[in-house]
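Notes for the one structure printed next.
The values are calculated or read from the model by the stated rules, or taken from the named source; none is laboratory data. Since this is a predicted model, take the numbers as computed values, not measurements. Here the Cβ positions follow ideal geometry from the backbone for every residue, glycine too, while neighbour counts run over all protein chains shown. All accessible areas refer to the heavy atoms of the entire protein, side chains included, with ligands and DNA or RNA removed. Shrake-Rupley method; radii C 1.70, N 1.55, O 1.52, S 1.80 Å.
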Amino acid sequence: MNKNKNHIRKMFDSISDEYDFLNNVITIGQHLKWKSEIVEIAKSVNPKLILDLATGTSDIAINLSQIKNCKIIGVDISNDMLSKAQKKIDKKNLSEIISLKTGDAQNLKFNDNKFDIVTIGYGIRNFEQLEAGLKESHRVLKDDGLLIILETSVPSNKFLKFLYNIYTLTFIPVITRLFSNNPAAYNYLEKSAKEFPYGKNLKNILLKVGFSEVEFKPKMLGASTIYTSKK
Ligand SMILES: C[S@@+](CC[C@H](N)C(=O)[O-])C[C@H]1O[C@@H](n2cnc3c(N)ncnc32)[C@H](O)[C@@H]1O
């Protein structure tokens, strides 16, 4: 599976127009609920500065902006995703709170120990170097800082997995062929979701790169999972 940075960037550039619409259709709007859960988790540590990696069209950053006296920096490798994000931020008058930067989450241009929280929504499974990428998040977090990841996973129950496979192998290809500029990108996203380590396997990777207190909660029968861990 080609996870070269330039390839991934071009792929997300090519689907930026339809990304929000198809994300709503594919997750039946549930991703917005999970993104709100990220805010509830974030609020509990009273953050002043949050880094939202792989921010895309900035849903998570916009959700986080409701936390009082907190600034958010969103980083993404795709300029086209970021320009959609900037339009949403401007429309909501949030540019004083959220700033966007082009950059690679695996090689961040920030000092060590800078952020109270790092959030990453559906970003890490695109990392060419997963462990190195997670180490970068660890590096830029303050001591005791919180990493919150929302990522696709696969239901563990056999029957639910069967339904999940039918859904991803029939419904998603039809919808993306109808509405996407680049249906092959969704083919990649579906395959990468199935191959990506999730649950206990991702927990072990987080522990290996130096995080502690790793917890994870599957959502929508295990189709996505929220992970929290501390530096
Ligand atoms: C599936 S979208 C998720 C966007 C948003 N976080 C959300 O939850 O809707 C994945 C995003 O990750 C970005 N991305 C992929 N690899 C990246 C990397 N190495 N560094 C920064 N952004 C990356 C893509 O450009 C894309 O915008």
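Taking N as the number of residues in region 120-231, what is its alpha-carbon radius of gyration divided by 2.2 N^0.38 Å? Please list the in-between numbers first.
Working: Rg = 15.3 Å, N = 112, 2.2 N^0.38 = 13.2 Å.
Output field value: 1.16.
Figure the gain on full extension for residue 71 and residue 109 (residue separation times 0.36 nm, minus the Cα-Cα span) and round it to one decimal in nm. Walk me through the numbers on the way to the answer.
Working: separation 38, 0.36 × 38 = 13.68 nm, distance 1.74 nm.
Gain in length upon complete extension: 11.9 nm.
Separation between the residue 217 and residue 142 pseudo-spin-labels, each 7 Å from Cα along Cα→Cβ, expressed in nm?
A separation of 2.4 nm, rounded to one decimal place.
At 1.4 Å probe size, with every protein chain present, just tell me what the per residue accessible area of region 5-230 comes to in Å². It would help to have the intermediate numbers written out before the result.
Numbers: 10820 Å² over 226 residues.
Per residue, region 5-230 has 48 Å² of solvent-accessible surface.
Let me make sure I get this right: for region 154-201, a, b and c are the square roots of the gyration tensor eigenvalues over alpha carbons, sorted descending. Under 1.5 in a/c it's rounded, otherwise prolate if a/b > b/c, else oblate. Which is it? Numbers along the way, then the final one.
Details: a/c = 4.25, a/b = 1.61, b/c = 2.64.
Verdict is oblate for region 154-201.
For region 15-117, what Kirkwood radius comes out of the mean inverse Cα-Cα distance, in Å?
Numbers: mean 1/r = 0.0713 Å⁻¹.
Hydrodynamic radius (Kirkwood, Cα only) of region 15-117 equals 14.0 Å.
From zero outward in steps of 5 Å, how is the percent of C-alpha pairs of region 89-139 spread across the bins?
Histogram of Cα-Cα distances, whole percents per bin: 4, 16, 25, 23, 16, 10, 5, 0.
Taking the Cα centre of each part, how many Å lie between region 122-176 and region 181-201?
8 Å
Roughly how many percent of the accessible protein surface of region 5-230 is carbon and sulfur, given a 1.4 Å probe and a whole-percent answer?
Values: 5690 of 10820 Å².
Taking all protein chains in place, region 5-230 shows 53 percent carbon and sulfur surface.
What's the magnitude of the charge dipole for region 1-160 around its Cα centre, counting Lys and Arg as +1 and Asp and Glu as -1 at the beta-carbon? Answer in Debye, nearest 20. Numbers along the way, then the final one.
On the way: 23 positive and 21 negative charges, 30 e Å.
Rounded to the nearest 20 debye, it is 140 debye.
Peptides 41-49, 70-78: what's the order by average Cβ count within 10 Å, highest mean first? Provide the component values of the computation, followed by the final result.
Working: 41-49: 15.2, 70-78: 22.4.
In decreasing order of mean packing, 41-49, 70-78 become 70-78, 41-49.
If we count every other residue with Cβ under 13 angstrom of residue 33's Cβ, Lys/Arg +1 and Asp/Glu -1, where does the sum land?
On the way: positive: 35, 217, 219; negative: 37, 40, 59.
Net of charged neighbours comes to 0.
Only bridges whose two residues both fall in the chain count here: according to DSSP, what percent of them are antiparallel, nearest 5?
Working: 14 of 34 bridges.
Restricted to the chain, the bridges split so that about 40 percent are antiparallel.
If you stretched the chain out fully between residue 32 and residue 207, how much longer would it get, using 0.36 nm times the residue separation minus the C-alpha to C-alpha distance?
60.2 nm
Grab the eigenvalues of the alpha-carbon gyration tensor for region 1-63, scale each by 5, take roots, and send me the semi-axes largest first in whole angstrom. Don't skip to the end; give the middle numbers.
On the way: eigenvalues 124, 55, 18 Å².
They are 25, 17, 9 Å, listed largest first.
Can you give the accessible area of residue 28 in Å² (nearest 10), computed on protein heavy atoms with a 1.4 Å probe?
Near enough 110 Å² of accessible area.
Please state, rounded to one decimal and in Å, the Kirkwood hydrodynamic radius that the chain gives when every pair of distinct Cα atoms enters the mean of 1/r. Don't skip to the answer; put the middle values down first.
Numbers: mean 1/r = 0.0564 Å⁻¹.
About 17.7 Å for the chain.
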